[in-house]
Amino acid sequence: MSATTTTCTRTLVALDIDGTLVDDGNTIPSGTVPALDLARAGGHKVVLATGRSLIGLVPIAIRLGLTDGWGVCSNGALTVRLDPSAPSGYEIVAARIFDPEPVIHRAMEMTPGARVAVEEVGWGWRTNQPFEPGELNGQQKVVTLSDLVSHPATRVVLVGPGIGGSADALHATGVTVTPMGSDWLDIAARDVNKAVALDDVRRRLNIPVERTVAVGDGINDLTMLAWAGRSVAMGHAPAIVRSAADETTGTIDQAGALSVLRSLIPDVDGSLSPLAAQIATAEASAPGPVVLRVWHGTGPDLSRCEAWTLQNGHWIKHAPIASGVGTTMRAIEAAALEAGLPYPRGDEGRRRAKWRSVTGDGPHGFELPLSDLRWSSSRSADYVTGTSDEGAAAVLRPLLG
């Protein structure tokens, strides 16, 4: 059974992690990863936006299957490009730093004995005294107060009895103060928050602000909920967060983020395999004809699988097909047929699929055109594609009649 022919528009989907995609036990609700795969197959740009430090973002991104793309961490202090080919799995694109000395000294005056942690990007924290296991992401090193204030910082954590009541006084030192409870404050540079970092990503991706969606559950999500074209609060979020959002979804125990992700993609046959469903979603959401492009790794299995679409005479990447990675070209062919999307074949013998070589910058690959009633008068149209304007013209002739 084929997918619907509804076309989706690319959207930036900003997702908080804790309380939105992961519960208190660090468990990902069932169905979350497949829903993320389908959202990305629909051409949407999924961006993790979290208060976690970078060392806390990367492991959960891997578990969610989001090993490439964009991430915002430390409440907007860091913007990263996730890249599995990079030595650490990421590239730091922007670090919004500040001088931590004034706010730390003021905090110690107001709350003697307060615990202080200064983020060490990609490693952990320098602290004035130990934090409990699980309170901070990454490793810890206890240092002197002078060491804490010796270098610019991306994020500072202040913990002490009733320290939340000092938020306004600490803000006056020229920083952003985010209460994470009555005894916990997160500190960042002036005017730094999730919304600022997400808007930078949005501009880099050239996505209109009205095509943005944000889902979160915490006080530190208020700025991104106000920024998004469509804002969604988790059902368990505090009243102030729910009242700030355009809509409320289910709780984390109800996997509330899934309904938001599903609302962004075309309906496809629920009985399809994950690979077939992603191919069907990519084809149904693309603004033009689609080819599936694949690349091999060092062995026979595929290291990349993507849907590309024709726009303005040029082939552009539309979406990743996550379930295609680690499979074979034969598996891609079978999944395309399962999704009701036939492809060109030879005229004799076993009528093998007509894969075409893809050359240019980067490794050598192969592509398989998908035929659809939206683009041709016959679903069995026999056509091949190219990567140049000449190739584009070649595909359009049989498609458009």
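Brief remarks follow.
- Cα extents for segment 127-272 along the principal axes, largest to smallest and rounded to whole angstrom: 60, 33, 30.
- Where only C-alpha atoms are counted, convex hull volume of segment 101-189 per residue in Å³: 86 Å³
- Spin-label model distance (nm) - residue 141 vs residue 209, 7 Å beyond Cα toward Cβ: 4.1 nm
- Cubic angstrom per residue, convex hull over Cα atoms of the chain: 144 Å³
- Rounded to 5, the percent of DSSP beta bridges in the chain classed as antiparallel: 70 percent
- Length-normalised contact order of the chain in % [C-alpha pairs under 8 Å, at least 6 apart]: 16 percent
- Estimated dipole of the chain in Debye, rounded to 20 [Cβ of Lys and Arg +1, of Asp and Glu -1, Cα centre]: 1060 debye
- A simple packing score, the average count of other Cβ atoms within 10 Å per residue, orders the peptides 323-335, 191-203 as 191-203, 323-335, with the highest score first.
- Over all distinct Cα-Cα pairs of segment 27-134, the Kirkwood formula returns a hydrodynamic radius of 15.8 Å.
- Of all DSSP beta bridges in segment 13-118, antiparallel share, percent nearest 5: 60 percent
- Computed extension gain for residue 240 through residue 24, at 0.36 nm per residue and net of the alpha carbon distance, reaches 75.7 nm.
- Computed label-point distance, nm, for sites residue 94 and residue 301 using a 7 Å Cα→Cβ extension: 3.7 nm
Each reported figure results from applying straightforward, stated rules to the coordinates on display, with no laboratory input. Only a predicted model underlies this, so the values are computations on that prediction, with no experimental measurement involved. When we count neighbours, we look across all protein chains shown, and the Cβ atoms used for this are built from the backbone with ideal geometry, even at glycine.
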